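The values are calculated or read from the model by the stated rules, or taken from the named source; none is laboratory data. Fair warning: this is a prediction, and the values are worked out from it, not measured in the lab. Cβ sites come from the backbone with ideal geometry, for glycine too, and all protein chains shown count toward neighbours.
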Amino acid sequence: MSAISGINTSDTSSLFTSDTKESAMGKDDFLLLLVAQLQNQDPMNPSDPTEFTAQLAQFSQLEQLTNMTKSLEGLNRMSDEMQRMSALGLMGQEVIAQSEAFRFNGEPMELGYRLELPADDVKLYVQNQTGATVATISAAPTAAGQHFISWDGNSDYGMPLAPGNYSLLVQALDPDEKPLLAESLIKGRVEAVDMTGGGSQLETTAGTFSMSKVERVGASL
């Protein structure tokens, strides 16, 4: 009576490699391979116990990785839901966002900046969509930190600017007239929350900002 040819390690490895190229092998597939190996092994020459133990350890690791992946996916879903709930709770609140782009609705608004070091001269430049400066706002010497200036919405020629999309460029100089790092800040009141994209977007009176750009929230900032 001829012996039944067993499934050796090289055969299993080649099958695993071939299958992985086409699709990811799950823990159920791996377990089926181990069962098939046991069923078809040569009774007169059984598999090496050490090798079999190593294969079981691989299966255990695969199962742990699968469970870990599912747990991470669950945490990501939970994080997304928490962000959505947080965004909805900002309705009607004032927010400060770190952004150069903003929307001017024709009403006076507050434009801001943040300095890491004290500045001797600060200027805020409002630019239109073509990059041209349409309004220049000068600030007194200021300390490091966050600052806001009221802007009436008029151009450098004293004429009201049309509502639309603009950008804010901040230039800060130290006493030696060397440039300092300055970030543009925009303040607006949340009117709606857009949750159709990958993350929550806050639609405010000063433009639309992602949650990651929001630095401060309050009933009145």
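Quick rundown of the values:
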item	result
Failed condition for Leu221, given (1) part of a strand (DSSP E or B); (2) modelled with pLDDT under 90	(1)
Selection count, the stretch 148-159, where residues are touching a residue at least 24 places away in the same chain (Cβ under 8 Å) and either β-branched (Val, Ile, Thr) or out of contact with any Gly (no Cβ under 6 Å at 6 or more places or on another chain) (or both)	5
Every residue from the stretch 120-143 that is at pLDDT 95 or above and aliphatic (A, V, I, L, M)	Val122, Leu124, Val126, Ala132, Val134, Ala135, Ile137
